Amino acid sequence: MTFAGSPDRAEARLVPDAGYELDTFRASGLPRRPGLAQVRAVLRDLAAPAACDRILKRRKPDVVLGAGSYVAGPMVVAAARRRIPVAVTEADAHLGLANRLAAPFAKRVFLSFPIDGREPPKYEVVGRPLPANARRLPRAEARAQLGLPAEGPVLLVAGARAGARALNEFVVETFGASGPAVLHVSGERDFDKLRPRVSRPDYVLLPVLDGLGAPYGAADLALMRSGSTVWELAAAGLPAILVPYPFATGDHQTKNARYFQAAGGAILVPETELGHVADLVRSLLDDPGRLDEMGAAMRQVARPDAADRIAEELIGLARG
């Protein structure tokens, strides 16, 4: 198995660090506003399928899997032209533009969520593959590892690597001096500004962690955005208050959150209503019975076998 992607994105570091080979080519997302940047992006993207074709000619793969971003599009097109079987994955409850364009070239589209009008056998709902470091650790081990109290409820707050500024500000302002024990993974951007505002030992503030398996094991409730990590919460059986990023493409984070709210495992709170979250957090942490019900609902909709299912389908496509 080899990877292909951009030399300017996270894969340029993550793939070699994981021990895999990476072939790189240039591709760009299309800026929304007309202008010189848009022209440059179009010219770069027009050249990308030829670069991908050269990679395919050298690697001779039996099957190609596109991960759903604009970088995957040129490789999907190049593989289809060579009659190499293609599949793509969609992380959210909204089929993104790149995947809508790639879908006609694909034999399978692996969905994380059911999407109206996208039916089998071409479209298959499998959930989202989970990294090994997202597997929930036992509570005692997780709390000891993170320096959290052995007893009592713990609130987990986490955003992406850069963090979620609105959540960061809200949680430090609300619970920085008093409240339940908090494990706050703030992201690197805001960490230095937040640290002086935390004044109690059971509020653990960290910039980043290599995976959230320990936090999922330590916490009783999560307060998070609703990107693809919602599937990690579900596999961990962790109840959640989900605050969708309001500017996500196609408002897909709201759609993601609605799915888990409908299942009974999460509560959706728009960012404009963050002021209500403090009372909601306290109410939930004071009600272990409800947390147990929400955790069970999360486990009910979890799909921990997503990676295995995708791998099996890819092997089948490769064998023809």
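The values are calculated or read from the model by the stated rules, or taken from the named source; none is laboratory data. Not measured: the values here are computed from a predicted model. Virtual Cβ from ideal backbone geometry, glycine too; neighbours counted across all protein chains shown. SASA here: full protein model, heavy atoms, side chains in, ligands and nucleic acids out. Shrake-Rupley method; radii C 1.70, N 1.55, O 1.52, S 1.80 Å.
Here are the numbers:
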item: Positive minus negative residues near residue 306 (Lys, Arg vs Asp, Glu; Cβ under 15 Å); result: -2
item: Semi-axis lengths, Å, region 57-191, gyration tensor of Cα atoms, sqrt of 5 times eigenvalues; result: 41, 16, 15
item: Built amide H within the under 5 Å cut-off of residue 156, gap 5+; result: 183, 220, 221, 222, 223
item: Heavy-atom surface of region 216-320, accessible at 1.4 Å and reported per residue (Å²); result: 44
item: Normalised contact order of the chain, rounded percent, pairs of Cα under 8 Å and 6 or more residues apart; result: 14
item: Virtual paramagnetic centre 7 Å along Cα→Cβ of residue 315, amide N under 18 Å, in region 1-36; result: 1-2
item: Relative packing of 250-262, 49-61, which averages over residues the other C-beta atoms within 10 Å, highest first; result: 250-262, 49-61
item: Cβ-derived FRET efficiency at R0 41 Å, residue 17 paired with residue 173, nearest 0.05; result: 0.70
item: Longest exposed-site-free window of the chain, the sites being GluC sites (Glu not before Pro) in a DSSP loop that have at most 12 other C-beta atoms within 10 Å; result: 189-320
item: Rel. contact order, % - alpha carbon contacts under 8 angstrom, at least six apart, region 117-192; result: 31
item: Heavy-atom accessible area order for 247, 191, largest first, 1.4 Å probe; result: 247, 191
item: Answer label for P(r) over Cα pairs in 10 Å bins from 0, in percent (calculated), chosen among [x] 5, 19, 21, 22, 19, 11, 3, 0; [y] 6, 24, 31, 23, 13, 3, 0; [z] 6, 26, 34, 25, 9, 1, 0; result: [y]
item: Dipole axis of the chain (+1 Lys, Arg; -1 Asp, Glu on Cβ), positive-most option in 47, 73, 184; result: 47
item: Potential extension, residue 10-residue 228 segment - 0.36 nm per residue separation minus Cα distance; result: 76.8 nm
item: Computed lengthening from residue 195 to residue 81, 0.36 nm per intervening residue step minus Cα-Cα distance; result: 35.7 nm
item: Gain on full stretching of the segment that runs from residue 271 to residue 57 - 0.36 nm per residue minus C-alpha separation; result: 72.3 nm
item: Summed residue charge, Cβ within 15 Å of residue 295's Cβ, Lys/Arg positive, Asp/Glu negative; result: -1
item: FRET efficiency for residue 188 and residue 166, using Cβ-Cβ distance with R0 set to 22 Å, rounded to 0.05; result: 0.85
item: Centre separation in Å (Cα based) which lies between region 227-290 and region 143-200; result: 17
item: Contact order relative to length of region 168-320, as percent, for alpha carbon pairs under 8 angstrom and 6 or more apart; result: 19
item: Spatial extent of region 211-293: Rg and Dmax, with the Cα atoms as the point set, Å; result: 12.2, 36
item: Positive minus negative residues near residue 251 (Lys, Arg vs Asp, Glu; Cβ under 14 Å); result: +1
